[in-house]
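Okay, structure first, notes after.
Laboratory data are not the source of any read-out in this text; all were calculated from the coordinates shown. Note that the coordinates shown come from a computational prediction; the quantities given were computed from them, not determined experimentally. Because the Cβ atoms are built from the backbone with ideal geometry, glycine has one as well, and the counts that use them run over all protein chains shown.
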Amino acid sequence: MLTLDLTNEPRWHDLATSVRVQLRPLTTALMVATRSDPEVEAVPEEATDEERAVAFAKALGRRAVLAWEGVGDADGNAIEPSPEAIDALVDIWPIFEAFQLSYVSKGLLLEQEKNASALSPTGPSAGATDTARVANPARPAQGAAKTAPRG
């Protein structure tokens with residue numbers, strides 16, 4: 001069942017042991033804006049899927065990150081989110097992976113769900129029930145059935 005969060009409030013996501021970010025809800029408007037981000041559109045056609053994923057994650061992060069905790073500069077001083085700092089954070093492999101898993105993939109899983117068909121109670125899918133009786137379950141059918149006559 002799809003659960004709708006009608007509050008549409010930002011949420012905190014833990015990305016590492018001491019790093020957490022407050023993110024906007026992953027809405028259609030946010031995804032559409034990210035897809036048309038100039039840096040995402042500038043990714044060359046010959047780029048790998050990984051290069052595209054990083055460009056998309058950075059663009060999405062720049063739009064979605066509202067606040068964070070546990071992120072500082074080289075001297076250990078806490079810094080506020082900025083486009084450059086968000087890009088640098090996403091460049092850290094474990095942070096990128098956690099961002100993809102805790103935030104982006106939830107939206108993509110929902111996208112996959114809507115593309116799947118429901119189980120058919122009368123068709124060849126997993127939700128079908130048997131309609132024919134088995135005469136003797138201990139003795140399976142012997143040989144192939146004859147084809148239907150044409151005509």
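Residues Phe99, Phe56 in ascending order of nearby Cβ atoms (within 10 Å, fewest first): Phe56, Phe99.
For the stretch 11-115, the Stokes-Einstein estimate of translational diffusion at 4 °C and a viscosity of 1.567 mPa s comes to 91 µm²/s, using the Kirkwood hydrodynamic radius over alpha-carbon pairs.
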